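Taking it in order: structure first as structure tokens, then the write-up.
The values are calculated or read from the model by the stated rules, or taken from the named source; none is laboratory data. Values in this document were obtained by computation on a predicted structure and should not be read as measured data. Using ideal geometry, Cβ is built from the backbone for each residue, glycine included, and neighbour counts are taken over all protein chains shown. We work out accessible area using only protein heavy atoms, side chains counted, and drop any ligands, DNA or RNA first. Shrake-Rupley method; radii C 1.70, N 1.55, O 1.52, S 1.80 Å.
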Amino acid sequence: MAGFRGAAGIALPFLLALKAEALYFADRVSEALEAINEAEALVERSGARYWFAELHRLRGVLLTALDADETQIEASFCAAIKIAKEQKSVSLEKRAEATYAEYHRQKSTMSGGHGFRRTLS
């Protein structure tokens, strides 16, 4: 049973990230953010940080969709990139950098970043 709990501790944040993506595409952004909050709490309790960078990247996307404070959005994307670099996860680092760059591109062409295109890269 302990092995199952350990595996669940690793997999559950990933599954919650998938749930958040589905909710985001269903235009249920507040619920998606709740799923991310739950996943981050699980990561903090378990210490299994495998998906932590991705959770921060998704948080940045969701905060943008909610028209949150730019400081929070920037902090989420920067944390995603920093964590991925610390973990030496090139794929998660590139994914976070690409999403962050897209956020900046859309922000510069639209007023205040509103309408962040519904992609998660």
Here is a check on your reading of the model: is Arg95 among the basic types (Lys, Arg), in contact (Cβ under 8 Å) with a residue 24 or more places away in the chain and open to solvent by 60 Å² or more (accessible area, probe 1.4 Å)?
yes
Ala79 vs. criteria over 24 Å from Gln106 (Cα atoms) and assigned to a helix (DSSP H, G or I)
no
I'm told Gln72 meets every condition in (1) open to solvent by less than 80 Å² (accessible area, probe 1.4 Å); (2) part of a helix (DSSP H, G or I) except one. Can you identify the failing condition by its number?
(1)
Starting from the range 63-89, keep only residues that are more than 16 Å from Ile36 (Cβ to Cβ) and without any contact (Cβ under 8 Å) to a residue 24 or more places away in the chain, then list their pairs with residues that are among the charged types (D, E, K, R) and open to solvent by less than 70 Å² (accessible area, probe 1.4 Å) whose Cβ atoms are within a distance under 7 Å, requiring at least 6 positions of separation or different chains.
Lys85/Glu93
Out of the range 28-47, which residues are within 14 Å of Leu58 (Cα to Cα) and among the acidic types (Asp, Glu)?
Glu31, Glu34, Glu38, Glu40
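Select from the range 45-69 the residues that are aromatic (Phe, Trp, Tyr) and open to solvent by 40 Å² or more (accessible area, probe 1.4 Å) and write down the one among them that is farthest from Gln106 (Cα to Cα). Talk me through it step by step, then tell me what you get.
So in the range 45-69, the residues aromatic (Phe, Trp, Tyr) come out as 50-52.
Checking the rest, the ones that are also open to solvent by 40 Å² or more (accessible area, probe 1.4 Å) come to 50-51.
Working: Tyr50: 29, Trp51: 26 Å.
For the range 45-69, the residue satisfying everything is Tyr50.
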If you check Arg95 against the conditions, is it modelled with pLDDT under 95 and not acidic (Asp, Glu)?
no
Looking at the range 22-44, which of the residues that are open to solvent by 40 Å² or more (accessible area, probe 1.4 Å) and of a type in the set (Asp, Glu) is modelled with the lowest pLDDT?
Glu44
Since Pro13 meets every condition but one in (1) touching a residue at least 12 places away in the same chain (Cβ under 8 Å); (2) touching a helix residue (DSSP H, G or I) at 6+ places or on another chain (Cβ under 8 Å); (3) open to solvent by 70 Å² or more (accessible area, probe 1.4 Å), which condition does it not meet?
(3)
